[in-house]
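The values are calculated or read from the model by the stated rules, or taken from the named source; none is laboratory data. In this text, all values refer to a predicted model and were calculated from it rather than measured experimentally. Reconstructed Cβ throughout: ideal geometry from the backbone, glycine too, with neighbour counts over all protein chains shown. Accessible surface is based on the protein model in full, side chains and every heavy atom, while ligands, DNA and RNA are left aside. Shrake-Rupley method; radii C 1.70, N 1.55, O 1.52, S 1.80 Å.
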Amino acid sequence: NVEGLRAEFLGPYGNDWIDTPHFNRLAVEGFVFDHCLAGGIEPRKQLTALWAGCHPAQSGVAERAPSCAAGRWLLDSFRQAGWSTILVSSSDALLQHPGSMVFDEHRLVAPVKVPDVVGSRDLDDLVDDGMQLIPAGEPVQDWSETRTAAVFSELIELIERNERPCCIWCQLTTLNSLWEAPLEIREKFREPGDPPIWPGINIPRVRFRKDVDPDVFLPFVQAYAAEVHILDLCLGGLLEVIGRSQSQNSWVVVLLSPSGLPLGEHGYLGTAGVPYHAE
């Protein structure tokens, strides 16, 4: 479940400027869903709905059990069938979710800490100049050093040593919390005449004035594209390991995203909880 992943940045959904061969492969070999009706905008309630099989409006995040009628944690069904269940995430907060208690095992990998994602104070007021946004942190030198790669390395290790039926749930939170892609990869998505690339790992969470030059958002769109590129590389490694597995026909890969991330639409950039629009 990749938080912040926008469908239109993937080849199967019409993207033609970011090379996503492994997402394309997953789409060709499986099913692609063209429509999704979201029951709410609260990520944790959406997660409760996925784990409990009920509408987000019926799910109580603060409760140990789903509040919907006849609700049942999905992981309980796996466990009763004799499967092991493992939760992998880079979010420490996710482990506080009541549904996470149902998993047999928790794996917190390369956790994202507040100083890493904030760096500079988020702006609450309207801004009209990209120069007001202050970069923080240093991108990694190689994509394999990112937290995204670390999470996928953990998934690959689990698959390689798996000896019994297993349900592995990965909640990836890096895409909407920090961007670590090397500057070299970001430059690949920059065209001549574009503003300089965004050099920080922090994601500014601000709202611009309506008459701002759209080019202001290009560095952030390009930084996001670099993250999607790395995500595709990691997915390729995962699919390769599954392909080599003796039980490859027993593995089912399901890719979900609870919501995208604003990258300039209606003036919003990286802001969580903004009004949802068609994009």
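So, in the stretch 140-162, exactly how many residues are basic (Lys, Arg) and not in a helix (DSSP H, G or I)?
1
Being buried (at least 21 other Cβ atoms within 10 Å of the Cβ) and assigned to a loop (DSSP other than H, G, I, E, B) narrows it down to one residue among Ile201, Ile230; which is it? Lay out the reasoning, then the answer.
Working: Ile230 fails: assigned to a loop (DSSP other than H, G, I, E, B).
Of the residues listed, the single one that is buried (at least 21 other Cβ atoms within 10 Å of the Cβ) and assigned to a loop (DSSP other than H, G, I, E, B) is Ile201.
Thr148 - would you say it is polar (S, T, N, Q), crowded, with 21+ Cβ neighbours inside 10 Å and at pLDDT 95 or above?
Working: polar (S, T, N, Q): yes; crowded, with 21+ Cβ neighbours inside 10 Å: yes; at pLDDT 95 or above: yes.
Considered against the rule, which asks whether it is polar (S, T, N, Q), crowded, with 21+ Cβ neighbours inside 10 Å and at pLDDT 95 or above, Thr148 comes out as yes.
Answer yes or no as to whether Val216 is touching a strand residue (DSSP E or B) at 6+ places or on another chain (Cβ under 7 Å) and modelled with pLDDT of 95 or more.
Working: touching a strand residue (DSSP E or B) at 6+ places or on another chain (Cβ under 7 Å): yes; modelled with pLDDT of 95 or more: no.
In short, no.
Might you let me know whether the stretch 107-119 holds any residue that is at positive phi and at pLDDT 85 or above? Don't jump to the end; show me each part of the working.
Step one: list which residues in the stretch 107-119 are at positive phi, which gives 110, 119.
Filter once more, keeping what is at pLDDT 85 or above: 110.
Taking every residue of the stretch 107-119 in turn, at least one turns out to be at positive phi and at pLDDT 85 or above.
Does Val221 qualify as being touching a strand residue (DSSP E or B) at 6+ places or on another chain (Cβ under 6 Å) and assigned to a helix (DSSP H, G or I)?
Judged against the criteria, Val221 is a match.
So, Val206, is that one aliphatic (A, V, I, L, M), open to solvent by 60 Å² or more (accessible area, probe 1.4 Å) and either touching a helix residue (DSSP H, G or I) at 6+ places or on another chain (Cβ under 9 Å) or free of Cβ contacts under 8 Å to residues at least 60 places away in the same chain (or both) or not?
Criteria not met by Val206.
Just a yes or no: is a residue in the stretch 212-222 loosely packed, with under 13 Cβ neighbours inside 10 Å, closer than 23 Å to Phe23 by Cβ and either without any contact (Cβ under 8 Å) to a residue 12 or more places away in the chain or of a type in the set (A, V, I, L, M, F, W, C) (or both)? Before the answer, list the steps.
Narrowing the stretch 212-222 to residues loosely packed, with under 13 Cβ neighbours inside 10 Å: 213-215.
Checking the rest, the ones that are also closer than 23 Å to Phe23 by Cβ come to none.
Checked against the condition, which is being loosely packed, with under 13 Cβ neighbours inside 10 Å, closer than 23 Å to Phe23 by Cβ and either without any contact (Cβ under 8 Å) to a residue 12 or more places away in the chain or of a type in the set (A, V, I, L, M, F, W, C) (or both), the stretch 212-222 yields no hits at all.
Which residue is most open to solvent (accessible area, probe 1.4 Å), if the candidates are limited to the stretch 2-20 and must be touching a helix residue (DSSP H, G or I) at 6+ places or on another chain (Cβ under 9 Å) and in a helix (DSSP H, G or I)?
Ranking the candidates gives Tyr13 first.
I'm told Ala70 meets every condition in (1) over 24 Å from Ser259 (Cβ atoms); (2) in contact with a helix residue (DSSP H, G or I) (Cβ under 9 Å, 6 or more places away or on another chain); (3) modelled with pLDDT under 85 except one. Can you identify the failing condition by its number?
With (1) over 24 Å from Ser259 (Cβ atoms); (2) in contact with a helix residue (DSSP H, G or I) (Cβ under 9 Å, 6 or more places away or on another chain); (3) modelled with pLDDT under 85 applied to Ala70, the lone miss is (2).
Can you confirm whether Glu154 is of a type outside the set (Val, Ile, Thr), crowded, with 18+ Cβ neighbours inside 10 Å and either more than 16 Å from Gly4 (Cβ to Cβ) or more than 16 Å from the chain's Cα centre (by Cα) (or both)?
yes
Any idea which of (1) closer than 17 Å to Val254 by Cβ; (2) open to solvent by 60 Å² or more (accessible area, probe 1.4 Å); (3) modelled with pLDDT under 90; (4) of a type outside the set (Ser, Thr, Tyr) is the one Gln58 doesn't satisfy?
(1)
Collect the residues in the stretch 163-181 that are touching a residue at least 60 places away in the same chain (Cβ under 8 Å) and either assigned to a helix (DSSP H, G or I) or surrounded by fewer than 17 Cβ atoms within 10 Å (Cβ to Cβ) (or both), keeping them in residue-number order.
Within the stretch 163-181, Arg164, Pro165 qualify.
Among the residues of the stretch 178-212, which ones are of a type in the set (Val, Ile, Thr) and over 15 Å from His229 (Cα atoms)? Steps first, please.
Within the stretch 178-212, the first condition is being of a type in the set (Val, Ile, Thr), and the residues that meet it are 185, 197, 201, 203, 206, 212.
Listed by number, the residues that qualify are Ile197, Ile201, Ile203, Val206, Val212.
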